[in-house]
2 protein chains.
Amino acid sequence: MKRTSFEDAACPVARSLDAIGDWWSLLIVRDALGGARRFGEFQKGLGMARNILSARLRKLVERGILETVPAADGSAYQEYVLTESGRRLFTVLVALRQWGLQHCFEAGEPHPRLVDRKNGKLLAKLRVLAADGRELKPEDTRLLLA
Amino acid sequence: MKRTSFEDAACPVARSLDAIGDWWSLLIVRDALGGARRFGEFQKGLGMARNILSARLRKLVERGILETVPAADGSAYQEYVLTESGRRLFTVLVALRQWGLQHCFEAGEPHPRLVDRKNGKLLAKLRVLAADGRELKPEDTRLLLA
């Protein structure tokens, strides 16, 4: 099934999903946040066919999430680096990571841990807060249509 | 292309993506958080073919994100409500929404706004924080493998 484009949707969630493209693309962003820059590094991390990975990378560049730069070592390779928009997906990935740890892992099951570089501690849990700092549950919020 | 399952992946991000299923499923969760409970309400919100919507709803129930309950009005319909795990996807959706507003909308372009029910104000921006409350950028973090 061809995926319907959400590009014209007025909903910011739908447009985000459209801009990111698909799940694989989000894992590419995850690896870029972790320091991957070269085609081969993404391929190794994701085990994805070359043609598929190429198409995904190209789309992420078109969407302004990645940009290409000459290789840092002066070789003929090009490297992929996150734009400022791409870097801001960090929050989305942390949210998915924290949800996944609660929902998709058994207690004690080993998993990679994203920690504070300064002291090795786990990050704080993301919290949805009101402007005045109260923690909000879904039912404490309301959607105002455009 | 058949999507590879990330179910066995050790990465919590990958497992989350696998559990959620696909972009459409996340929009179903969005609408459920907004109060949709009946098949027809989801269909109206998403404009999705009945058979596709049925399959997505069934998968979300299998994955423990939605559960079915008898209709509140005592009719023969069944309704779909979020489990506690499903409700926790709120944070993921707020993260996607805030990213989309920055990245996918022109300044001044109208869009639905998620506001604090108590005072109608926009929510605070989600922030990735260390255990001690410092705000963290991607490069302030490190991934420790399992």
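Condition check for B:Asp22 on (1) modelled with pLDDT of 90 or more; (2) facing chain A (nearest Cβ under 8 Å): one failure, at (1). The set of residues in the stretch B:3-14 that are among the hydrophobic types (A, V, I, L, M, F, W, C) and either surrounded by 16 or more Cβ atoms within 10 Å (Cβ to Cβ) or modelled with pLDDT of 90 or more (or both) comprises B:Phe6, B:Ala9, B:Cys11, B:Val13, B:Ala14.
Here A:Ala130, A:Ala124 are screened, and the one residue that is touching an Asp or Glu at 6+ places or on another chain (Cβ under 8 Å) and facing another protein chain (nearest Cβ under 7 Å) is A:Ala130.
Could you please find all residues in the stretch B:57-77 being more than 17 Å from B:Ser16 (Cα to Cα) and of a type in the set (Val, Ile, Thr)? Passing the criteria: B:Thr68, B:Val69.
With the condition kept exactly as written, say whether any residue in the stretch B:7-19 is facing chain A (nearest Cβ under 7 Å) and over 30 Å from A:Ala130 (Cα atoms). Steps first, please.
Within the stretch B:7-19, the subset facing chain A (nearest Cβ under 7 Å) is B:10-17, B:19.
If we keep only those that are over 30 Å from A:Ala130 (Cα atoms) as well, we get B:10-11.
Checked the stretch B:7-19: at least one residue is facing chain A (nearest Cβ under 7 Å) and over 30 Å from A:Ala130 (Cα atoms).
Quick check on the stretch B:23-62: of everything there that is among the charged types (D, E, K, R) and touching a residue at least 24 places away in the same chain (Cβ under 8 Å), which residue is surrounded by the fewest Cβ atoms within 10 Å (Cβ to Cβ)? Of everything passing the filter in the stretch B:23-62, B:Arg38 is surrounded by the fewest Cβ atoms within 10 Å (Cβ to Cβ).
Here are some residues: B:Ile65, B:Ile52. Which one is touching a His at 6+ places or on another chain (Cβ under 9 Å) and of a type in the set (Val, Ile, Thr)?
Values: B:Ile52 fails: touching a His at 6+ places or on another chain (Cβ under 9 Å).
Criteria check complete, one pass: B:Ile65.
Filtered by the rule that a residue be in contact (Cβ under 8 Å) with a residue 12 or more places away in the chain, within 15 Å of A:Thr141 (Cα to Cα) and surrounded by fewer than 18 Cβ atoms within 10 Å (Cβ to Cβ), the stretch B:66-104 gives a lone residue, B:Arg87. A:Leu17 fulfils the conditions (1) open to solvent by 40 Å² or more (accessible area, probe 1.4 Å); (2) in contact with a helix residue (DSSP H, G or I) (Cβ under 7 Å, 6 or more places away or on another chain); (3) free of Cβ contacts under 8 Å to residues at least 40 places away in the same chain except for a single criterion, (1).
Scanning the stretch A:105-137 for residues that are open to solvent by less than 30 Å² (accessible area, probe 1.4 Å), closer than 21 Å to B:Thr83 by Cα and modelled with pLDDT under 95 gives a single hit, A:Phe105.
The values are calculated or read from the model by the stated rules, or taken from the named source; none is laboratory data. In this text, all values refer to a predicted model and were calculated from it rather than measured experimentally. Glycine gets a Cβ as well: all are built from the backbone with ideal geometry, and neighbour counts include every protein chain shown. To get the accessible areas, we keep the full protein, side chains included, count just its heavy atoms, and leave off ligands, DNA and RNA. Shrake-Rupley method; radii C 1.70, N 1.55, O 1.52, S 1.80 Å.
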